[in-house]
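The next block holds one structure in the form of structure tokens; read it before the comments.
The values are calculated or read from the model by the stated rules, or taken from the named source; none is laboratory data. Just so it is clear, the model here is predicted, and its values are computed rather than measured. All Cβ positions, glycine included, derive from the backbone under ideal geometry; neighbour counts span all protein chains shown. Heavy atoms of the whole protein, side chains included, go into the accessibility calculation; ligands, DNA and RNA do not. Shrake-Rupley method; radii C 1.70, N 1.55, O 1.52, S 1.80 Å.
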Amino acid sequence: MASARTWRYNVFPSFHGGDIRKTFLSHLRKQFNSNGITMFDDQGIERSQTIAPALIQAIRESRISIVVLSKNYASSSWCLNELVEILKCKDVVMPIFYEVDPSDVRKQTGDFGKAFKNSCKSKTKEERQRWIQALIFVGNIAGEHSLKWENEADMIEKIAKDVSDKLNATPSKDFDAFVGLEFHIRELSSLLYLDYEQVRIVGICGPAGIGKTTIARALQSLLSSNFQRSCFMENVRGSLNIGLDEYGLKLDLQERLLSKIMNQKGMRIEHLGTIRDRLHDQKVLIILDDVNDLDLYALADQTTWFGPGSRIIVTTEDNELLQKHDINNVYHVDFPSRKEALEIFCRCAFRQSSAPDTILKLAERVTELCGNLPLGLCVIGSSLHGKTEDEWEILIRRLEISLDRDNEAQLRVGYDSLHENEQALFLSIAVFFNYKDRQLVMAMLLDSNLDVEYGLRTLANKSLIHISRNEKIVMHNLLQHVGRQAIQRQEPWKRHILIDADEICNVLENDTDARIVSGISFDISRIGEVFLSERAFKRLCNLQFLRVFKTGYDEKNRVRIPENMEFPPRLRLLQWEAYPRRSLSLKLNLEYLVELDMEGSLLEKLWDGTQPLANLKKMSLSSSWYLKKLPDLSNATNLEELDLRACQNLVELPSSFSYLHKLKYLNMMGCRRLKEVPPHINLKSLELVNMYGCSRLKSFPDISTNISSLDISYTDVEELPESMTMWSRLRTLEIYKSRNLKIVTHVPLNLTYLDLSETRIEKIPDDIKNVHGLQILFLGGCRKLASLPELPGSLLYLSANECESLESVSCPFNTSYMELSFTNCFKLNQEARRGIIQQSFSHGWASLPGRELPTDLYHRSTGHSITVRLEGKTPFSAFFGFKVFLVISPNHDAEETSNSPLFCPRIGKIGCSDDETPIYIIPKPRAEHLVMFHSDLHNKEKCHEVGNEILFEFSNISDTYEIIECGVRFYTDEQVKSVKGEMNMK
């Protein structure tokens, strides 16, 4: 089965910064943001003569490349090398000839040619020739020519439309080998109803191994460009954090979903309404793969959690589960036909769609014996690739004598066909390393006498694993089961891996010779109390991988261990959930350890003194509530991930942190007693820092200038480090509810997300207008904030609820898509109110205190509905869309809630809905408020059914407020284009 490729960016732009970065490119980026098109941002990458590896990676991770050929483009060898790289690896290249003639590009003439000739000085003949060929090639591709456009805004809009069309029409090649995919996609598309704005949940149901996950991945690859955000949650059911209660599991699931879809690793949430709060206004595509009942309640219980047009796709083997959650739009994946089954087999056995004539009969016979499970066909086909006819005959005889011919028997063929070394690797992955990072596994198996690189390639070629795009090793759960069964079939004295709890107890409690054992996976959920002696592990001298865990929530400690337990000398993985001692044994050798996972332990400390930690890459001590200090980590120079979440008694980080120059991920969320972080350590690899809830932390030092995401919410931080303005890679900054923060002097220039909610800031720096990529700004509850300066045109969402001192706001906002929330900002002056009400945007909404509709509104009515009649012969199809104004009044008797959904159906004269129901989440008002939103008349082909009359009905299902007056204003296409043009020229 093919694995999906998920593009990180829709578009990679190649351009000369001095020519267009602050003008044309910024307008193009803004338009792309409005259209839900993600474009790579090169800010922070240092320019040089050679192209940076980060740019090469970005080119390869982008679906389309746009090359903006401007006057000085060819003056940069960087740009020219970038162009060569683009033409090497991109199928879709769109040139834009910006104030240059395409013939000058092709022939290297004019001002463009002069710049090119200067760049060629001191270059080799080969380099010059590469550049010339690239310019000739790109100059011959049809593209937009700015000199032929009177209005640049119109050209930008056309480019965005063309990109969107190409994204929709450019299928990924990753699924070319998936037999029958077109049929599956066609059938699913009929259930998804992509043209409608209503949120829709669709199920994909079928037995394990039939291809549900691959179909879902193909859908994401094909459809993701139509949505503002998309994510694929794989193996949801199999990756639950078992040590949590039901509420904790739901929180954990929501945190994982939001982290993925917001592309912010390690996000934290406080309550189960956060998905709705964050996604209610966004058009999202979410795929939940292999779910159970709890997963659906946690991640997709209500369609109102997601913005209009969102699609949620759920895969499961359990049709009753879908029925229980009222998911009635279900695609049942059928087994392939006999012809399709043969093609699936042939693609794996011969790497082509059919078998050679000389072996066709054998191929048909094997396919018949295999049945029609796609995973089994792939595994067996891959195992026969390159084999002789005699080897085929042996396999056929084996399948013929397999009486049950069940799925496991078929899949076991793949395992049995492996060399002994690859079988050992297969079993290790099945038990210990599924969904682990590839490089981490390589380090784990460094001393195993296995050629791990070759073994992984062999397993992937035989369809027994696949390596995901983010370098995770993934094995299907059916194949994991095959691995466990293979272990159980081995003679007890030949087992290298122990997984049976009773057998493990016997080995640990009795004087059993177990020198051959290299791994133990010990599920203690169903055992009685076990008392281990100091020498219980002494006999396991070759043990390298030790997991002790529970598959059910249970606080009872079932394993009693002595203080100075003798651990095996060469452990590489030590994972012991709820470790029952106050410190690690003095007889634990740390020299070979690659991963240490002590989640939920009773540890107060780990070890004393300096230890050999050169191999340690990952350490998790999360929820070790009693941990008071960390040990000396000066020798952990290869540590990449450190998880200290909810270590509530941890007071400080050791000064040895300054040696952790390979640390990428630091999560200290909920370390409530943490007071200090070592200053001036500048960890050069650190990317993500989460210190949410470190409520006693008063300052955040210069820990690294390379951080891309920082969360210091719920801390005592009083000011931000001055150097933060130089953190060129910082994209996400969250300082929510850090109530001692009073001053922000500068805003990092490359931010896309900034949360300053419920801080004590009084002023937003004026330079925020220069943060050209900022899309989301939270200022809610900043009760001392008195004014808002000019904000960047890239902004899509602004929350300023409960800013009770806010008086002035710089208007208008230079964007055509905007969501503005000024709920309960009662001190807004008349100029600010007028600017917000008159804000022109083609999409979005706004709310602010007010009890009167605009006086110039022609279509108006009291109550929650209004019927609009057009006089004369003007049809509704003549209008682009409309802007709605509502006056709402709080219902003080309603149940307490912070946000409430607003529904807005539009119904034609003959009862035919002309569009689906927009949903807006309005924060609860404390007095009358004016709410405004805009929507397109998308389905103009339906307007003839509507005639000259539309009924608008507005409702609030939670009764948080009443709608006491409403009005509608219609816009023509020309009026909207004029607004967009003005916005793009600003």
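Data overview
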| item | result |
| --- | --- |
| Subset of the stretch 755-773 (residues that are buried (at least 21 other Cβ atoms within 10 Å of the Cβ) and of a type in the set (Gly, Ala, Ser)) | SER757 |
| Any hit, the stretch 79-91, residues being within 23 Å of SER224 (Cβ to Cβ), at pLDDT 75 or above and crowded, with 17+ Cβ neighbours inside 10 Å | yes |
| Subset of the stretch 437-480 (residues that are open to solvent by less than 30 Å² (accessible area, probe 1.4 Å) and farther than 19 Å from HIS419 by Cα) | LEU440, VAL441, ALA443, MET444, SER468, ILE473, VAL474 |
| The stretch 661-673: number of residues that are crowded, with 22+ Cβ neighbours inside 10 Å and part of a loop (DSSP other than H, G, I, E, B) | 5 |
| One residue from LEU399, LEU369, LEU373 being touching an Asp or Glu at 6+ places or on another chain (Cβ under 9 Å), within 29 Å of LEU181 (Cα to Cα) and at pLDDT below 85 | LEU369 |
| Checking SER383 against (1) under 19 Å from PHE183 (Cα atoms); (2) touching a helix residue (DSSP H, G or I) at 6+ places or on another chain (Cβ under 6 Å), the condition it does not meet | (1) |
| Residues within the stretch 118-155 that are free of Cβ contacts under 8 Å to residues at least 60 places away in the same chain and in contact with a His (Cβ under 8 Å, 6 or more places away or on another chain), tallied | 0 |
| PRO792 part of a loop (DSSP other than H, G, I, E, B), without any contact (Cβ under 8 Å) to a residue 40 or more places away in the chain and out of contact with any Ser or Thr (no Cβ under 7 Å at 6 or more places or on another chain) | yes |
| Pairs with Cβ under 6 Å, 6+ apart, first in the stretch 223-236 and among the aromatic types (Phe, Trp, Tyr), second open to solvent by 20 Å² or more (accessible area, probe 1.4 Å) | PHE227/LYS283 |
| Residues that are in contact with a Pro (Cβ under 9 Å, 6 or more places away or on another chain) and surrounded by fewer than 20 Cβ atoms within 10 Å (Cβ to Cβ), drawn from the stretch 702-723 | ASP702, PRO721 |
| Total residues in the stretch 512-521, condition in contact with a helix residue (DSSP H, G or I) (Cβ under 7 Å, 6 or more places away or on another chain) and open to solvent by less than 10 Å² (accessible area, probe 1.4 Å) | 4 |
| Filter result for SER699 (surrounded by 19 or more Cβ atoms within 10 Å (Cβ to Cβ) and modelled with pLDDT under 90) | no |
| Candidate set from the stretch 14-40 (those that are open to solvent by 40 Å² or more (accessible area, probe 1.4 Å) and over 20 Å from ASN72 (Cβ atoms)); member that is modelled with the highest pLDDT | THR38 |
| Any chance ILE313 is more than 28 Å from ASN667 (Cβ to Cβ), buried (at least 22 other Cβ atoms within 10 Å of the Cβ), of a type in the set (A, V, I, L, M) and in contact (Cβ under 8 Å) with a residue 12 or more places away in the chain | yes |
| Residue within the stretch 224-237 that is assigned to a helix (DSSP H, G or I), open to solvent by 50 Å² or more (accessible area, probe 1.4 Å) and at pLDDT 80 or above present | no |
| Test for THR725: is it under 29 Å from the mean Cα position of the chain (by Cα), more than 19 Å from MET668 (Cα to Cα) and hydroxyl-bearing (Ser, Thr, Tyr) | yes |
| Yes/no for LEU606 being touching a strand residue (DSSP E or B) at 6+ places or on another chain (Cβ under 7 Å) and either closer than 30 Å to LYS556 by Cβ or at pLDDT 95 or above (or both) | no |
| Positions within the stretch 319-334 being open to solvent by 50 Å² or more (accessible area, probe 1.4 Å), modelled with pLDDT of 85 or more and assigned to a helix (DSSP H, G or I), in sequence order | GLN323, LYS324 |
| Pairs where the first residue, in the stretch 656-685, is touching a residue at least 60 places away in the same chain (Cβ under 8 Å) and within 12 Å of ARG696 (Cα to Cα) and the second is open to solvent by 20 Å² or more (accessible area, probe 1.4 Å) and among the polar types (S, T, N, Q), C-beta under 6 Å, 6+ apart | none |
| Pick from the stretch 295-318, criterion hydroxyl-bearing (Ser, Thr, Tyr) and not in a helix (DSSP H, G or I), ranking: farthest from the chain's Cα centre (by Cα) | THR316 |
| Candidates ALA832, ALA846 - the one that is touching a Cys at 6+ places or on another chain (Cβ under 8 Å), open to solvent by less than 10 Å² (accessible area, probe 1.4 Å), among the hydrophobic types (A, V, I, L, M, F, W, C) and at pLDDT below 95 | ALA832 |
| Single unsatisfied condition, SER656 versus (1) at positive phi; (2) among the small types (Gly, Ala, Ser); (3) surrounded by fewer than 21 Cβ atoms within 10 Å (Cβ to Cβ) | (1) |
| Complete set of residues in the stretch 128-161 that are open to solvent by 40 Å² or more (accessible area, probe 1.4 Å), of a type outside the set (S, T, N, Q) and assigned to a helix (DSSP H, G or I) | ARG128, ARG130, ILE132, ILE136, PHE137, LEU147, LYS148, GLU152, ASP154, GLU157, LYS158, LYS161 |
| Residue ID - modelled with the highest pLDDT, chosen from residues in the stretch 1-13 that are surrounded by 20 or more Cβ atoms within 10 Å (Cβ to Cβ) and not hydrophobic (A, V, I, L, M, F, W, C) | PRO13 |
